[in-house]
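The values are calculated or read from the model by the stated rules, or taken from the named source; none is laboratory data. Note that the coordinates shown come from a computational prediction; the quantities given were computed from them, not determined experimentally. Quick reminder, even Gly has a Cβ in these numbers, built from the backbone with ideal geometry, and neighbours come from all protein chains shown.
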Protein chains: 2
Amino acid sequence: MLELAILGSLAEGPLHGYELRRRVERLSGHTRPVSDGSLYPAINRLVKRGLLSRHSEPGAAATRRHVLTLNDAGREHLLERLRDPAPHEITDSSRFFTVLAFLSLLPDTAGQHAVLRRRLEFLETPASFFYEDERPLRAEEVEDPYRRGMLLTARAVNRAEVAWLREVLDGGPDGPGGSGS
Amino acid sequence: MLELAILGSLAEGPLHGYELRRRVERLSGHTRPVSDGSLYPAINRLVKRGLLSRHSEPGAAATRRHVLTLNDAGREHLLERLRDPAPHEITDSSRFFTVLAFLSLLPDTAGQHAVLRRRLEFLETPASFFYEDERPLRAEEVEDPYRRGMLLTARAVNRAEVAWLREVLDGGPDGPGGSGS
DNA sequence: ACTAACATGTAATCTGTTACATGATTGA
DNA sequence: TCAATCATGTAACAGATTACATGTTAGT
């Protein structure tokens, strides 16, 4: 996931590691710090795979900087990942949000909407959080007050995201269905 | 985090691994599968640390079962973790929800509310998601439609959880402040 | 002199995933 | 007989964290 965030952040322009870290942290609202020990090895993996180019530059205020550029192979790889996210990138909210942050990079609205539809479908699937033994769980039947809170919060989250997705997909100002699938 | 979920699930009664997996998966609304490769090693770590006791039992329909029991040391460890969660267990929603699922195990309302207050304080802290360069980010100024969606969804989530926390902490039917701190 | 921000890395360790490996019972 | 469910584990690998390690520049 860090790798996707790195590739996406570099799609907007070259950055060096230190600045890249800030961009990636901003994606999570600065709630998930990115450590040196995960950032630099991730960068090196991407360079080794030929997705990023690295060239040195005299540091602005300190040691030499390594400016990272997303090359053609990297851009292609990024677009493929965005176009066809893995199941857990649809299912896990924090991963999905990383995909969403860069979804505009896909050149066609149809491709963007296809991803949003997968998320919507997941959110509307019975059998997850709100379901217990094949039937919907009602807040009143959860005796534990904190588990009730989990349920209420999860419902609110679900409703808000579903409403937004529906609006974008067929109620938005661009007209229903976007470019279609 | 898996370990906390295991300890918490066993606090309600002894279980064998296979059943335990289902309980743990239920906590995430069945959106995060727990693999054998994470479950059994985690159980073994907890047994090795002396937090769980394991005794064999003839399997109901298959191989022998290993019934796991949370022992005194395990219960004590669990209560300590619930009473004083690590920073990222307050900050990271999915981790916080795991804590929340078992928070009722803390014997005093004051201790429970202290944890909820930490979460509330975090959610109300400016400088996270909604903030950019020291000032609140407004949805209208986010040009990217998907990033705008992230912001709107995140706000809705935040509002719902803050409302629930405030209600529990000082507007709930138990009266303001619980047992106080 | 010291601290913060800039700047990049490695090593040990932890936690998790996927794939591999085994084996019994129940129902179609 | 074949698939599903029950039941438990290991091995290889991936990814992240913390701590360690180094070095500059700017401000107090």
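The criterion of being of a type in the set (A, V, I, L, M), closer than 22 Å to residue A:147 by Cβ, surrounded by 15 or more Cβ atoms within 10 Å (Cβ to Cβ) and in contact with an Asp or Glu (Cβ under 6 Å, 6 or more places away or on another chain) holds for residue B:34. Counting only helices (runs of 4 or more DSSP H) that sit wholly inside region A:1-75, those with at least 2 residues that are more than 9 Å from DNA strand C (Cβ to nearest atom) and of a type in the set (Gly, Ala, Ser) are A:2-11. Consider residue B:64 carefully, then state whether it is surrounded by fewer than 17 Cβ atoms within 10 Å (Cβ to Cβ) and within 13 Å of chain A (Cβ to nearest Cβ). Spelling it out, it is not the case that residue B:64 is surrounded by fewer than 17 Cβ atoms within 10 Å (Cβ to Cβ) and within 13 Å of chain A (Cβ to nearest Cβ). For region B:133-142, residues that are at pLDDT 70 or above and assigned to a strand (DSSP E or B) total 1. In the set A:27, A:46, A:51, A:10, only one residue is farther than 17 Å from residue A:77 by Cβ, more than 9 Å from DNA strand D (Cβ to nearest atom) and in contact (Cβ under 8 Å) with a residue 40 or more places away in the chain; that residue is A:27. Within the bounds of region B:45-53, is there any residue that is among the hydrophobic types (A, V, I, L, M, F, W, C) and within 29 Å of residue A:123 (Cα to Cα)? The answer is no; no qualifying residue exists. A single member of B:27, B:52 is modelled with pLDDT of 95 or more and within 27 Å of residue B:84 (Cα to Cα), and it is B:52. Scanning region B:149-170 for residues that are surrounded by 15 or more Cβ atoms within 10 Å (Cβ to Cβ) and among the aliphatic types (A, V, I, L, M) returns B:150, B:151, B:152, B:154, B:156, B:157, B:160, B:162, B:165, B:168, B:169.
Being within 13 Å of DNA strand D (Cβ to nearest atom) and touching a strand residue (DSSP E or B) at 6+ places or on another chain (Cβ under 9 Å) holds for only one residue in B:18, B:40, and it is B:18.
Let's see how each residue does on (1) modelled with pLDDT of 95 or more; (2) within 11 Å of another protein chain (Cβ to nearest Cβ); (3) under 16 Å from the mean Cα position of the chain (by Cα); (4) at positive phi:
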residue	(1), (2), (3), (4)
A:93	no, yes, yes, no
A:98	yes, yes, yes, no
A:102	yes, yes, yes, no
A:112	yes, yes, yes, no
A:116	yes, yes, yes, no
A:127	no, yes, no, yes
A:131	no, yes, no, no
A:144	no, yes, no, no
A:148	no, yes, no, no
